[in-house]
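The values are calculated or read from the model by the stated rules, or taken from the named source; none is laboratory data. What you see is a predicted model; the values in this text were computed from it and never measured. Virtual Cβ from ideal backbone geometry, glycine too; neighbours counted across all protein chains shown. Just so you know, the surface numbers come from the protein's heavy atoms only, side chains and all, with ligands and any DNA or RNA stripped out. Shrake-Rupley method; radii C 1.70, N 1.55, O 1.52, S 1.80 Å.
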Amino acid sequence: INLSWTSSTANVSDFTINRDGIPIGSTGGLLFQDVNVDCTIDTYLYQLITNYSNGSQSISLVKPAEPFSSDVPTAIENVTAVVGDGSVDLTWQQDPAFQPIEYSVFRKSGLGNFSLLSKTVSAQFTDIDYSTGGSFCYRINYIDECDNFSATGIDVCPIRLTGSIANDNSITLNWSDYTGWTNGLSEYTVEKYDGEGTPLQTFSVGTATTLEDNTSDPDNQLYVYVVKADANDIGLGQAVSNEITIIKEPNLFYPKAFTPNGD
């Protein structure tokens, strides 16, 4: 809040500025900038005290002023999506310089437009209507305590995992590239489980979005796969895809010829 006044400066030592009855600074000029304001306060009451060299003072009337901020809050640029069974959990981080009072969660399907899905006061949200077939992406915006709307948040597209099996029982996995972190991801990891949830294998594939699993396994016919992504920035957690289950067909091998002596 910028304060200015008119006054004779003859025999004036300095000017003291009071805010709500408490001195907050002094100046020898006719201007003062109060930089320590809180936009949630309704009104500040300022008063100017002129200090003369002979020790006397002149005190002004009280001047009310309403604090506000026009700073645009920075966008939410780091969101982590964890896909569950028919849902997706979104958690995010933001610039601590701004205090949000409400978040708005937007969603779009495929090439459609973003539309408001829900509002929340916490830095997390669960979409219970998520489906990989919907090709959903999300965006988080917020309004801060100074009633300013944030810049548009980053597009967040969860990992969508699909798979197919060939005649030779080799399995090919494909997944969508994860978006939601400003500085991107460092690598994908594919985890493989049996039908009881016991870990079988882990594949580190870097930033590739496909994997061919032709591992020979005579003991298991059913496999569960999930893809996890790690961010380049620490502290953002792992983004996790949907799980898929693939069942191998039994392959029967039998002799097509024999020798008379049974060799």
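Things worth noting here:
- Solvent-accessible area per residue for segment 23-145 (1.4 angstrom probe, square angstrom): 57 Å²
- Sorting 51-58, 96-103 by their mean Cβ neighbour count within 10 Å, with the most densely packed peptide first, gives 96-103, 51-58.
- Unit charges at the beta carbon, dipole of segment 101-236: most positive-side option, V226, G110, Y193: G110
- The chain, accessible surface, carbon-and-sulfur percent (1.4 angstrom probe): 49 percent
- Dipole in debye (nearest 20) - segment 198-263, about Cα centre, beta carbon charges: Lys, Arg +1; Asp, Glu -1: 120 debye
- Magnitude of the charge dipole, the chain, Cβ model with Lys/Arg +1 and Asp/Glu -1, debye to 20: 620 debye
- Here the scattering of segment 158-263 is modelled by Debye summation over its C-alpha atoms, one equal scatterer each and no solvent; at q = 0.17 Å⁻¹ the log10 of I(q)/I(0) is -0.80.
- About its Cα centre, the dipole of segment 141-201 is roughly 260 debye, where the only charges are +1 on Lys and Arg Cβ and -1 on Asp and Glu Cβ.
- Pairs of lysines in the chain (C-alpha under 30 Å apart; 8 or more residues apart or interchain): 7
- Segment 1-76-segment 86-153 distance, computed between alpha-carbon centres (Å): 40 Å
- Top positive-direction residue, dipole computed over the chain with Cβ charges, set N54, I165, I143: N54
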